[in-house]
Amino acid sequence: MPGYTFSSLEESDGTGVVDLFNYYIEHTDAAFPETAVPYEFFDLLMQIARSYPTVAVRTQEATLVGFGMLRPHNPMPAFARTAEITYFIRPAETGKGIGARMLQHLETEGKKQGIAVILAHISSRNEGSIRFHLKNGFFECGRFRNTGKKRGVLFDTVWMEKEI
């Protein structure tokens, strides 16, 4: 994709990742926390995704415009072939194919590690994410009614699945 580079997340991405995540916390229903997370949150993300593929999307000027990762769905060995996905893109950069390219990167790297199923856990209020996942080969495999609450508003959690 011209103008962007796709590589693994690095320690130097911490501030950009947390700033982007906090944008989604504060302005959307895409991130579940209600309040901004501290910069140390990046260390937790990296620990959760340890030994799983990650992706950072940068402009030619090295500005982070998006990040994503696979992480364990369940720590039990029986579920080693299944991962959950998380990714966020700067709002001004959406609709340019970056999300699909990030997904492709994570799928390719995940397959190398034996991942065969990717799950996405999405707020029912995040209709754009649901549309994106449907467009990119996921299907809705479960919905938990009124299990989430953000800013006083209840929402369903939607689970989507894709075999890769």
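The values are calculated or read from the model by the stated rules, or taken from the named source; none is laboratory data. Bear in mind the structure is a predicted one, so any value in this text is a computation, not a measurement. Heads up, the Cβs are rebuilt from the backbone with ideal geometry, glycines too, and the neighbour counts pull from every protein chain shown.
Annotations for the structure displayed:
- Number of the condition not met by residue 28 [criteria: (1) touching a Pro at 6+ places or on another chain (Cβ under 9 Å); (2) under 21 Å from residue 137 (Cα atoms); (3) among the β-branched types (Val, Ile, Thr)]: (2)
- Hits in the stretch 10-43 (condition: outside any helix (DSSP H, G or I), of a type in the set (Gly, Ala, Ser) and either touching a His at 6+ places or on another chain (Cβ under 8 Å) or crowded, with 19+ Cβ neighbours inside 10 Å (or both)): 31
- Across the stretch 23-46, the number of residues qualifying as free of Cβ contacts under 8 Å to residues at least 60 places away in the same chain and closer than 20 Å to residue 102 by Cα comes to 4.
- Scanning the stretch 126-156 for residues that are surrounded by fewer than 18 Cβ atoms within 10 Å (Cβ to Cβ) and either basic (Lys, Arg) or touching a Gly at 6+ places or on another chain (Cβ under 9 Å) (or both) yields a total of 10.
- Within the stretch 123-143, being within 21 Å of residue 25 (Cβ to Cβ), without any contact (Cβ under 8 Å) to a residue 60 or more places away in the chain and not in a helix (DSSP H, G or I) holds for one residue alone: 124.
- Scanning the stretch 12-22 for residues that are in contact (Cβ under 8 Å) with a residue 24 or more places away in the chain and acidic (Asp, Glu) yields a single hit, 13.
- Total residues in the stretch 144-164 satisfying the condition of being part of a loop (DSSP other than H, G, I, E, B) and closer than 17 Å to residue 27 by Cα: the figure is 2.
- Pair list, Cβ under 6 Å, 6 or more apart: the stretch 149-164 residue among the polar types (S, T, N, Q), other residue in a strand (DSSP E or B): 157/144; 157/147; 157/148
- Hey, residue 6 surrounded by 12 or more Cβ atoms within 10 Å (Cβ to Cβ), in contact with a His (Cβ under 7 Å, 6 or more places away or on another chain) and hydrophobic (A, V, I, L, M, F, W, C) or not: yes
- Qualifying position, being within 19 Å of residue 136 (Cα to Cα) and either modelled with pLDDT of 95 or more or surrounded by 19 or more Cβ atoms within 10 Å (Cβ to Cβ) (or both), among 78, 83, 56: 83
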